[in-house]
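For reference, the structure discussed in these notes is given below.
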Amino acid sequence: MSFTAATVRRVFQQWSAVALRGIGRPEGWLILLAVASRWPLRGRWLYHWDSVNFALALDHFDVARGQPHIPGYPLYVGLGRISRWIFGDPQTALVALSIAGTAMAAVLLYRLGLEWIGPEAGKWAALFWLSSPLVWFYGEIALPHALDAGFVLLVVWLAGRCARGERLHLPLAVALAASSGLRPQNLLFLGPIFLWGLYGQRWRARAEALLSLGGLTMLWLIPLLALSGGPGRYLEISRAFNAHFWASTLVFGPGGLSALQRNLGKLAAYTAYGVAGAGLLLIEGLRALPALFRGLPDRWRTAVGWGLWVVPALMFYTFIHMGQQGLVLVFLPALLLLAAALAARDGRRGWRLGLAGLALNVVLFLAAPERPLGPEGIRLLNLSTLRRHDATMAGRFALLRAEFPPDRTLIVASQWRFFDFYAPEYPVLPFGLEDPAERPREERVWVRLESEGTGFIVLFEPELTRWVLPGSQPWRWWTYDGVKLPGWAWAPGDRWVYGPGGFGLFRGP
């Protein structure tokens with residue numbers, strides 16, 4: 001046997017032994033469960049506008065073009081590029097990061113439960129996390145929230161150990177710097193629990209941790225600012241971005257009480273769906289929570305750490321901005337820890353409620369319809385939602401390519417960002433369905449010339465038909481492999497009108 005072959009064999013045997021020992025531990029089983037439950041069900045198409053931003057950023061990082069959007073997510077994009085080198089395409093690469101983050105969070109949540117409450121609580125917390133329908137969904141799509149949760153839990157876990165006096169201040173600084181490089185908001189969200197962890201360290205260790213955090217943060221902040229055109233340009237882009245997205249969510253701005261109502265409504269609904277089956281224990285055990293904290297061996301330190309973990313994110317989402325559902329994954333594990341503590345504390349009754357909660361979670365994700373109360377009812381993020389999105393995107397793009405040549409077709413789309421990734425050869429007119437700011441600022445008229453021949457105008461989302469202007473020619477439906485899209489054949493001389501109030505095709509000059 002050659003030297004190289006012997007070396008490879010020896011390394012393989014050593015890693016196999018390590019892997020087998022790991023599988024025998026709860027952490028190993030949790031990783032296997034996370035991968036086995038997610039990888040076969042993963043989404044095949046980019047799910048969200050932000051997913052497209054991240055996929056485009058893997059080729060060219062430019063926050064001015066939304067690749068990715070503000071605040072930049074430099075570490076996430078860097079990890080995405082490494083993952084793409086392994087898996088080949090952006091969608092699979094970013095979903096692989098989501099699955100890895102889900103597994104990482106499950107292991108760390110188990111460790112947190114074990115160290116803060118007890119071994120049974122750690123197991124319950126990890127299982128509630130892996131089965132949560134919201135967590136499951138975000139582990140199947142190309143968005144950073146599941147991976148972000150893993151890094152958040154790493155900071156919380158290390159901060160808890162530092163608060164008990166363990167000399168882990170430098171790993172804690174590395175973890176917070178990495179977490180904020182993945183998602184820069186985490187400097188704000190996790191700063192208090194980072195300082196709480198340093199409270200248990202000596203002054204020299206505190207100084208070392210703060211200096212290390214500052215230096216490590218510069219490793220991602222300086223490239224981010226340089227790639228964005230400098231600090232001034234980055235701040236200009238940030239102000240424009242925040243002015244657009246915070247206009248209706250900032251409680252201390254023009255939104256006022258309506259913004260507060262909007263933020264709290266979303267926050268409550270998204271959190272409830274994330275807790276899901278674990279809520280059976282929280283509802284049942286609300287009165288037992290004070291007694292539960294009193295029974296912990298280090299109750300005051302644990303209670304303070306729990307509060308510093310949860311409160312900053314809750315304050316931001318309540319008073320500044322609450323966006324998509326995955327944002328609650330920053331603090332959701334803290335609530336699952338409470339449910340797990342109740343499951344572990346209440347003996348046989350806790351086991352029954354815990355198992356019922358796990359079963360409910362699995363049913364909500366795997367078996368429940370996307371809209372269980374009808375077309376106008378609540379919408380669940382679950383496997384049905386994921387499969388419908390994949391089928392819709394695949395069918396619509398297949399129809400376009402089968403029926404409409406790019407050089408003679410004009411697309412109207414509310415989700416026009418997907419064309420930047422999947423079909424950049426098609427000209428697209430953006431038209432926001434819900435947000436007036438995403439519509440054209442002025443009305444424009446195009447007249448198709450005789451020399452251009454007959455063309456087509458296609459509405460990428462059938463819901464856009466409600467914005468067709470009165471007096472327009474009736475649209476027709478094009479069908480391909482069971483998929484239907486509305487639009488018009490655009491004959492020479494016809495006028496195409498497109499403005500903030502709608503659009504339509506009219507005959508004659």
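The values are calculated or read from the model by the stated rules, or taken from the named source; none is laboratory data. Please read these numbers as outputs of a predicted model, since none were measured by experiment. Ideal geometry is used to build each Cβ from the backbone, glycine not excepted, and the neighbour counts take in all protein chains shown. Heads up: the accessible areas ignore ligands, DNA and RNA and are worked out on the full protein's heavy atoms, side chains in. Shrake-Rupley method; radii C 1.70, N 1.55, O 1.52, S 1.80 Å.
Quick one: in the stretch 333-365, which of the residues that are of a type outside the set (V, I, T) and within 22 Å of the chain's Cα centre (by Cα) is surrounded by the most Cβ atoms within 10 Å (Cβ to Cβ)?
Of the stretch 333-365, the ones of a type outside the set (V, I, T) are 333-361, 364-365.
Adding the requirement that they be within 22 Å of the chain's Cα centre (by Cα) leaves 333-337, 361, 364-365.
On the way: P333: 29, A334: 20, L335: 20, L336: 27, L337: 26, N361: 24, L364: 23, F365: 26.
Ranking the qualifying residues of the stretch 333-365, first place goes to P333.
Might you check whether a residue that is on the phi < 0 side of the Ramachandran plot, of a type in the set (A, V, I, L, M, F, W, C) and not in a strand (DSSP E or B) occurs anywhere in the stretch 476-488?
Looking through the stretch 476-488, none of the residues is on the phi < 0 side of the Ramachandran plot, of a type in the set (A, V, I, L, M, F, W, C) and not in a strand (DSSP E or B).
Taking the stretch 397-409 as the region of interest, how many residues are open to solvent by less than 40 Å² (accessible area, probe 1.4 Å), more than 13 Å from L46 (Cβ to Cβ) and touching a helix residue (DSSP H, G or I) at 6+ places or on another chain (Cβ under 9 Å)?
2
Please specify each residue of the stretch 217-266 satisfying the condition of being aliphatic (A, V, I, L, M) and in contact with a Phe, Trp or Tyr (Cβ under 8 Å, 6 or more places away or on another chain). Before you say what the answer is, go through the steps one by one.
The initial filter retains those residues of the stretch 217-266 that are aliphatic (A, V, I, L, M), namely 218-219, 221-222, 224-227, 235, 237, 240, 243, 247, 250-251, 257, 259-260, 264.
Those that are aliphatic (A, V, I, L, M) and in contact with a Phe, Trp or Tyr (Cβ under 8 Å, 6 or more places away or on another chain): L224, L225, L227, L250, V251, L260.
Find all pairs meeting these conditions: Cβ atoms under 9 angstrom apart; at least six residues apart or on different chains; first residue within the stretch 42-53 and more than 11 Å from E140 (Cβ to Cβ); second residue among the acidic types (D, E) and part of a helix (DSSP H, G or I).
The qualifying pairs are W45/D390; V52/D420.
Quick one: would you say G165 is of a type outside the set (A, V, I, L, M), crowded, with 24+ Cβ neighbours inside 10 Å and either outside any helix (DSSP H, G or I) or modelled with pLDDT under 95 (or both)?
Details: of a type outside the set (A, V, I, L, M): yes; crowded, with 24+ Cβ neighbours inside 10 Å: no; either outside any helix (DSSP H, G or I) or modelled with pLDDT under 95 (or both): yes.
No, not satisfied.
Which ones in the stretch 432-466 are surrounded by 15 or more Cβ atoms within 10 Å (Cβ to Cβ) and among the aliphatic types (A, V, I, L, M)?
Within the stretch 432-466, I457, V458, L459, L464 meet the criteria.
Residues L464, L469: which one is more than 14 Å from I411 (Cα to Cα) and aliphatic (A, V, I, L, M)?
Working: L464 fails: more than 14 Å from I411 (Cα to Cα).
Sole residue among the options that is more than 14 Å from I411 (Cα to Cα) and aliphatic (A, V, I, L, M): L469.
Checking the structure you have, find out if any residue of the stretch 65-73 is under 16 Å from R417 (Cα atoms), at pLDDT below 95 and in a helix (DSSP H, G or I).
Yes; the residues of the stretch 65-73 include at least one that is under 16 Å from R417 (Cα atoms), at pLDDT below 95 and in a helix (DSSP H, G or I).
Take the residues of the stretch 277-295 that are open to solvent by 20 Å² or more (accessible area, probe 1.4 Å) and either in a loop (DSSP other than H, G, I, E, B) or at pLDDT 75 or above (or both): which is farthest from G326 (Cα to Cα)? First the steps, then the outcome.
Taking the stretch 277-295 as the starting set, the residues that turn out to be open to solvent by 20 Å² or more (accessible area, probe 1.4 Å) are 280, 282-284, 286-291, 293-295.
With the extra rule that they be either in a loop (DSSP other than H, G, I, E, B) or at pLDDT 75 or above (or both), the set shrinks to 280, 282-283, 295.
Details: L280: 21, L282: 21, I283: 23, G295: 32 Å.
Taking the candidates together, the pick is G295.
Between a residue in the stretch 117-134 that is on the phi < 0 side of the Ramachandran plot and any residue that is open to solvent by less than 10 Å² (accessible area, probe 1.4 Å) and of a type in the set (S, T, Y), which pairs come within a Cβ distance under 9 Å, given they are 6 or more apart or on different chains?
Every condition considered, the pairs that remain are W129/T102; L130/T102.
Looking at L154, L108, L127, which one is surrounded by fewer than 24 Cβ atoms within 10 Å (Cβ to Cβ), at pLDDT 95 or above, assigned to a helix (DSSP H, G or I) and not polar (S, T, N, Q)?
On the way: L108 fails: surrounded by fewer than 24 Cβ atoms within 10 Å (Cβ to Cβ); L127 fails: surrounded by fewer than 24 Cβ atoms within 10 Å (Cβ to Cβ).
Testing whether each residue is surrounded by fewer than 24 Cβ atoms within 10 Å (Cβ to Cβ), at pLDDT 95 or above, assigned to a helix (DSSP H, G or I) and not polar (S, T, N, Q) leaves just L154.
Of everything in the stretch 239-270 that's of a type in the set (S, T, Y) and within 19 Å of L327 (Cα to Cα), which residue is surrounded by the fewest Cβ atoms within 10 Å (Cβ to Cβ)? Quick ask: steps written out before the conclusion?
First pass over the stretch 239-270, keeping only residues of a type in the set (S, T, Y): 248-249, 258, 270.
Then drop every residue that is not within 19 Å of L327 (Cα to Cα), which leaves 248-249, 270.
Working: S248: 16, T249: 22, Y270: 22.
Checked the stretch 239-270; the qualifying residue surrounded by the fewest Cβ atoms within 10 Å (Cβ to Cβ) is S248.
Out of all the residues in the stretch 107-114, is one or more farther than 26 Å from P184 by Cα and touching a residue at least 40 places away in the same chain (Cβ under 8 Å)?
So the first thing to find is which residues in the stretch 107-114 are farther than 26 Å from P184 by Cα, and the list is 113-114.
Then drop every residue that is not touching a residue at least 40 places away in the same chain (Cβ under 8 Å), which leaves 113.
Yes, the stretch 107-114 has at least one match.
Could you tell me how many of the residues in the stretch 135-173 are in contact (Cβ under 8 Å) with a residue 60 or more places away in the chain and either among the small types (G, A, S) or within 22 Å of A278 (Cα to Cα) (or both)?
Going through the stretch 135-173, the residues in contact (Cβ under 8 Å) with a residue 60 or more places away in the chain turn out to be 135-149, 152-153, 156, 159-160, 163-164.
From what is left, the residues that are either among the small types (G, A, S) or within 22 Å of A278 (Cα to Cα) (or both) are 135-140, 142, 145-149, 152-153, 156, 159-160, 163.
Here the count works out to 18.
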